[in-house]
Amino acid sequence: MADPSSYRPKPGQIPDSPGVYRFRDEHGRVIYVGKAKSLRQRLSSYFQDLAGLHPRTRTMVTTAASVEWTVVSTEVEALQLEYSWIKEYDPRFNVKYRDDKSYPSLAVTLSEEFPRVQVMRGPKKKGVRYFGPYAHAWAIRETVDLMLRVFPVRTCSAGVFKRSAQIGRPCLLGYIGKCSAPCVGRVTPEEHRELAEEFCDFMAGRTGAYIRRLEQRMHDAAEEMEYERAARLRDDIEALRRAMEKNAVVLADATDADLIAVAEDELEAAVQIFHVRGGRVRGQRGWVTDKVEAVDTAGLVEHALQQLYGEESGDAVPKEVLVPALPQPAEPVAQWLTERRGARVDLRIPQRGDKKDLMATVQRNAQQALVLHKTRRASDLTTRSRALEEIAGALGLDSAPLRIECFDISHLQGQDVVASMVVFEDGLARKSEYRRFQIKGRVGDTQVWHGTGQDDVRSMHEVVSRRFRRYLQEKQKTGEWTEEALDGEVSAEGDDRPKRFAYPPQLVVVDGGKPQVAAAQRALDELGVTDVAVCGLAKRLEEVWLPEEDDPVVLPRTSEGLYLLQRVRDEAHRFAIAYQRGKRTKTMKAGPLDTVPGLGSTRKQALLKHFGSVKRLRAATVEQICETPGIGRKTAETIVAALARAAPPAPAVNMATGEIMDDAEE
């Protein structure tokens with residue numbers, strides 16, 4: 001636990017201007033990012049008497065080992081930089097909202113020549129227009145099915161579209177009138193794009209005028225006694241009205257707004273958002289967060305706005321954003337939203353009428369989401385804490401191992417030997433920090449073992465050595481304890497954050513027994529790493545082995561600590577096997593050109609396109625290979641040599657006729 005006074009900036013050193021600041025821990029990892037109208041006033045508040053700080057703030061400043069800041073011109077710039085840094089560093093003490101599920105959206109791929117309507121999840125892509133999100137994918141499909149009758153836009157995948165174009169015959173939707181069949185030229189690209197844009201306009205809420213036009217066309221057809229066309233238009237209007245009825249009218253004045261509500265307690269907060277377009281609820285989503293920093297409702301709203309609109313622009317940001325509490329100050333946030341939309345955005349608290357009533361509904365949804373989340377997770381939080389405490393007690397650690405790394409070795413009869421490293425923080429998997437290793441049989445510049453035999457112990461020594469050698473190298477690169485890192489300003493664009501191996505664990509777990517544990521401990525001793533504990537979990541009896549101990553630690557079968565160690569070990573085993581199988585599959589699929597060093601996929605494709613097959617390439621001379629674009633003489637000579645080494649066996653001979661049986665081209 002650090003003393004904040006040990007890294008407190010000198011008096012008068014902090015500027016009295018807007019800016020963004022970062023707290024780092026002893027390993028250089030950013031643990032908190034904040035913004036301030038006055039950096040001097042805000043940072044000074046962190047270095048008062050610890051007893052006067054909020055418990056979470058006290059934990060943060062005692063975990064930190066340094067603080068740095070960047071000066072900006074305005075509060076809006078500070079808001080933008082804070083959002084960017086939170087996305088970049090993922091600080092553990094910042095509020096981070098997480099979706100309680102991956103919500104699907106209705107997407108129209110306007111960037112393609114023939115736009116496609118489909119269901120999409122995950123991050124938004126450029127050139128795609130989104131509607132929603134929706135609570136269920138089936139709700140999107142029902143809406144689309146009704147609208148395709150009026151707007152027969154393409155919904156098929158690229159493969160189906162290409163296949164239909166090749167055979168000159170549309171898919172089933174083209175035959176039943178729910179696709180305009182651009183694949184076979186029934187409509188031009190311009191006509192199909194116009195259909196897609198009309199579809200988007202209707203989904204965006206501009207429904208009334210379009211339906212009135214259809215009704216007028218229906219009446220005109222009836223007057224001209226074209227009753228079949230009038231009947232089709234009548235059915236189209238009915239289909240559109242049924243699609244509209246799936247979204248309840250909540251605001252009579254056709255308002256475009258997002259309503260945000262927050263439900264919170266001392267430890268957690270839930271956020272619910274209703275997306276209202278054209279007076280109808282077009283989508284809904286929710287987030288839940290641990291309140292790891294001292295933050296009030298206004299602060300939660302500000303973080304939610306950053307999360308919701310940080311990567312949005314244009315119409316994705318509505319004209320109105322209704323919130324339960326205004327950020328303080330509200331003007332920079334409103335200006336930031338206006339810049340993202342490109343037009344004025346009204347950020348306010350609804351006071352009366354339908355909007356206040358709808359906000360109450362959103363608030364009830366947020367409250368129910370928080371209750372449901374706590375019901376699901378309450379026991380899990382308690383269990384994880386108990387598991388970490390049990391592990392610390394069983395292994396004799398000074399504190400609970402908040403970061404655990406586990407290593408496993410995988411191979412197939414000694415071939416394709418690989419290793420995996422998985423990371424668990426606070427008892428939860430942190431998959432972004434998983435790593436894979438290909439065992440080389442050497443550590444640094446020293447050959448430590450030869451052959452491809454089943455030597456898990458030496459492999460474990462190698463992989464632990466490589467991981468912690470990288471840790472020491474990255475630690476040296478970041479210059480954690482230089483005066484420049486601890487004091488003064490830094491650039492917003494500086495590449496000074498710890499890299500992938502720069503953050504050490506409190507506990508290393510190896511999949512294996514006493515020999516593997518001894519190998520891992522020897523690797524740490526050779527590198528001079530003394531602050532990381534090591535243990536092994538043997539599969540046979542699920543015994544926990546410690547270095548230099550003759551007898552294992554036997555945890556009770558009902559122990560939460562044992563269960564967590566098993567989860568960590570099994571995850572490392574799964575990750576290693578997946579990597580090993582992938583390597584084996586790739587090896588089995590490898591061709592003779594894959595053995596040519598420095599020959600990438602682009603030049604391989606160029607060679608095969610130029611010669612037509614590997615067989616013809618094998619028969620070519622160096623001069624003929626050089627005729628391929630991108631292939632020089634040295635590369636051509638290497639290709640000839642590699643193909644000669646991988647030459648196929650002699651052709652078979654028909655003993656009855658003496659005929660040479662030529663194989664089919666490869």
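Just checking, how many residues over segment 31-64 are small (Gly, Ala, Ser), open to solvent by 10 Å² or more (accessible area, probe 1.4 Å) and under 29 Å from the mean Cα position of the chain (by Cα)?
0
Take segment 285-297 and flag every residue that is buried (at least 18 other Cβ atoms within 10 Å of the Cβ) and either part of a strand (DSSP E or B) or among the hydrophobic types (A, V, I, L, M, F, W, C) (or both).
Arg285, Gly286, Trp287, Val288, Thr289, Val292, Val295, listed by residue number.
Residue under question is Leu397, and the condition is that it be of a type in the set (A, V, I, L, M), buried (at least 19 other Cβ atoms within 10 Å of the Cβ) and modelled with pLDDT of 80 or more; does it hold?
No; evaluated as a whole, the condition is false for this residue.
Sort out which residues of segment 38-59 are touching a residue at least 12 places away in the same chain (Cβ under 8 Å) and within 21 Å of Leu79 (Cα to Cα), and write them in order of number.
Ser38, Leu39, Arg40, Gln41, Arg42, Leu43, Ser44, Tyr46, Thr57
For Arg149, are the conditions met, namely being at pLDDT below 85, crowded, with 16+ Cβ neighbours inside 10 Å, more than 29 Å from the chain's Cα centre (by Cα) and part of a loop (DSSP other than H, G, I, E, B)?
yes
Might you let me know whether segment 312-334 holds any residue that is modelled with pLDDT under 85, open to solvent by 50 Å² or more (accessible area, probe 1.4 Å) and acidic (Asp, Glu)?
yes
State yes or no: is Leu617 modelled with pLDDT of 85 or more and open to solvent by less than 50 Å² (accessible area, probe 1.4 Å)?
no
Please verify whether Glu339 is in contact (Cβ under 8 Å) with a residue 60 or more places away in the chain, open to solvent by 40 Å² or more (accessible area, probe 1.4 Å) and part of a loop (DSSP other than H, G, I, E, B), treating the condition exactly as stated.
So Glu339 does not fit the description; no.
Can you tell me which residues in segment 288-311 are at pLDDT below 80 and either in contact with an Asp or Glu (Cβ under 9 Å, 6 or more places away or on another chain) or within 15 Å of Val95 (Cβ to Cβ) (or both)?
Within segment 288-311, Thr289, Asp290, Lys291, Val292, Glu293, Ala294, Val295 meet the criteria.
For residues that are outside any loop (DSSP other than H, G, I, E, B) and within 17 Å of the chain's Cα centre (by Cα), tally how many sit in segment 106-126.
Looking only at that region, the number is 1.
Would you say Lys356 is free of Cβ contacts under 8 Å to residues at least 40 places away in the same chain, out of contact with any helix residue (DSSP H, G or I) (no Cβ under 8 Å at 6 or more places or on another chain), under 29 Å from Ala572 (Cα atoms) and exposed (fewer than 14 other Cβ atoms within 10 Å of the Cβ)?
No; evaluated as a whole, the condition is false for this residue.
In segment 580-605, which residues are assigned to a helix (DSSP H, G or I) and either modelled with pLDDT of 85 or more or open to solvent by less than 20 Å² (accessible area, probe 1.4 Å) (or both)?
Listed by number, the residues that qualify are Gln580, Leu593.
What are the residues in segment 298-311 that are in a loop (DSSP other than H, G, I, E, B) and open to solvent by 20 Å² or more (accessible area, probe 1.4 Å), if any?
Glu311, the sole residue that qualifies.
Out of everything in segment 255-282 that is part of a strand (DSSP E or B) and among the small types (Gly, Ala, Ser), what residue ends up being nearest to Val321 (Cα to Cα)? Before the answer, list the steps.
Within segment 255-282, the first condition is being part of a strand (DSSP E or B), and the residues that meet it are 257-264, 268-277, 280-282.
Restricting the remaining residues to those that are among the small types (Gly, Ala, Ser) gives 257, 261, 263, 269-270.
Details: Ala257: 6, Ala261: 11, Ala263: 18, Ala269: 20, Ala270: 18 Å.
Residue satisfying both the conditions and the ranking: Ala257.
How many of the residues in segment 173-206 are surrounded by 15 or more Cβ atoms within 10 Å (Cβ to Cβ), at pLDDT 90 or above and charged (D, E, K, R)?
1
Identify all residues within segment 319-333 that are within 20 Å of Gly34 (Cβ to Cβ) and either within 29 Å of the chain's Cα centre (by Cα) or assigned to a helix (DSSP H, G or I) (or both); write none if there are none.
Result: Pro327, Glu331, Pro332, Val333.
Please give the number of the condition Tyr89 fails out of (1) modelled with pLDDT of 85 or more; (2) farther than 30 Å from Glu215 by Cβ; (3) of a type outside the set (Lys, Arg).
Every condition holds for Tyr89 apart from (1).
Given the conditions (1) small (Gly, Ala, Ser); (2) modelled with pLDDT under 85; (3) closer than 22 Å to Ala107 by Cα; (4) surrounded by fewer than 15 Cβ atoms within 10 Å (Cβ to Cβ), and given that Ala209 satisfies all but one, which numbered condition is not satisfied?
(3)
Search segment 174-194 for residues being in a helix (DSSP H, G or I) and among the hydrophobic types (A, V, I, L, M, F, W, C), and hand back the single one that is nearest to Phe151 (Cα to Cα).
Cys183
Count, please, the residues in segment 342-353 that happen to be open to solvent by less than 40 Å² (accessible area, probe 1.4 Å) and among the hydrophobic types (A, V, I, L, M, F, W, C).
Going through segment 342-353 one residue at a time, the tally reaches 2.
Can you run down the residue pairs with Cβ atoms below 8 Å, 6 or more apart or on separate chains, where the first is in segment 1-19 and on the phi < 0 side of the Ramachandran plot and among the acidic types (Asp, Glu) and the partner is at pLDDT 85 or above and open to solvent by less than 70 Å² (accessible area, probe 1.4 Å)?
Partner pairs satisfying both residue conditions: Asp3/Thr62; Asp16/Ser38; Asp16/Leu39.
Is it the case that Phe611 is within 30 Å of Gly513 (Cα to Cα), of a type in the set (A, V, I, L, M, F, W, C) and open to solvent by 10 Å² or more (accessible area, probe 1.4 Å)? Outline the logic, then answer.
Values: within 30 Å of Gly513 (Cα to Cα): no; of a type in the set (A, V, I, L, M, F, W, C): yes; open to solvent by 10 Å² or more (accessible area, probe 1.4 Å): yes.
No.
Give just the number: which of (1) within 28 Å of the chain's Cα centre (by Cα); (2) modelled with pLDDT of 75 or more does Ser459 not satisfy?
(1)
The values are calculated or read from the model by the stated rules, or taken from the named source; none is laboratory data. Given the structure is predicted, the values throughout are model-derived calculations rather than measurements. Every residue, glycine as well, gets a Cβ built from its backbone with ideal geometry; the counts of neighbours run over all protein chains shown. Areas reflect the complete protein model, heavy atoms only, side chains present, ligands, DNA and RNA absent. Shrake-Rupley method; radii C 1.70, N 1.55, O 1.52, S 1.80 Å.
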